[in-house]
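Reviewing the structure listed below.
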Amino acid sequence: MVNRKIVGAHYGLIDWLAQRITAIVMIVFTLVIAVGLGSGAGASFETWRAFMSAEPMRFITFLFVIALCWHAWVGVRDIWMDYVQPAGIKLALHVLTLLVLIGYAGWAVRIIWRL
């Protein structure tokens, strides 16, 4: 018999913390993009490309993509867990969500390093 703790003081704390940390990463990225646009990085395609192809921007964009996917995973997973009752459908939705998010992350990385 498996004794599984499903409630308690720390149940869900890591997910809650992950949502907050990933939100902060996304806010910082948004501010960096806003400052870049304010300084003229979006004036033309060439300036935008130069701004986005700098190594620090590639790194922060990569962090943003990972944070966005993790944030989305926690949120969508919680929706599936709360509102979908049949275990088979819930599992299929979890797998589909993971595959889509991994695909989006791979696609974004490909775009980032193609600049």
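What follows draws every value from the coordinates through simple rules; no lab data is involved. All values derive from a computational prediction rather than experimental measurement. Methodologically, a virtual Cβ is constructed for each residue, glycine included, from the backbone with ideal geometry; neighbour enumeration extends over all protein chains shown.
Taking the helices alone, the chain has a mean residue ellipticity at 222 nm of -27500 deg cm²/dmol, built from -39,500 (n - 2.57) per DSSP H run of at least 4 residues and averaged over all its residues.
Across the chain, how large is the tail of the calculated P(r) beyond 19 Å, expressed as a percent of all Cα pairs? Beyond 19 Å sits 60 percent of the P(r) for the chain. Note on the chain: with charges restricted to the Cβ of Lys and Arg (+1) and Asp and Glu (-1), its dipole about the Cα centre is near 220 debye. The equivalent ellipsoid that matches the C-alpha gyration tensor of the range 51-115 spans semi-axes of 31, 11, 5 angstrom, in descending order. Between Val95 and Leu31, the distance separating the two model label sites (each 7 Å from Cα on the Cα→Cβ line) works out to 4.2 nm. Provide the FRET efficiency to the nearest 0.05 for the Ile111-Tyr83 pair, computing r from the beta carbons and using R0 = 25 Å. Efficiency computed from Cβ-Cβ geometry: 0.15.
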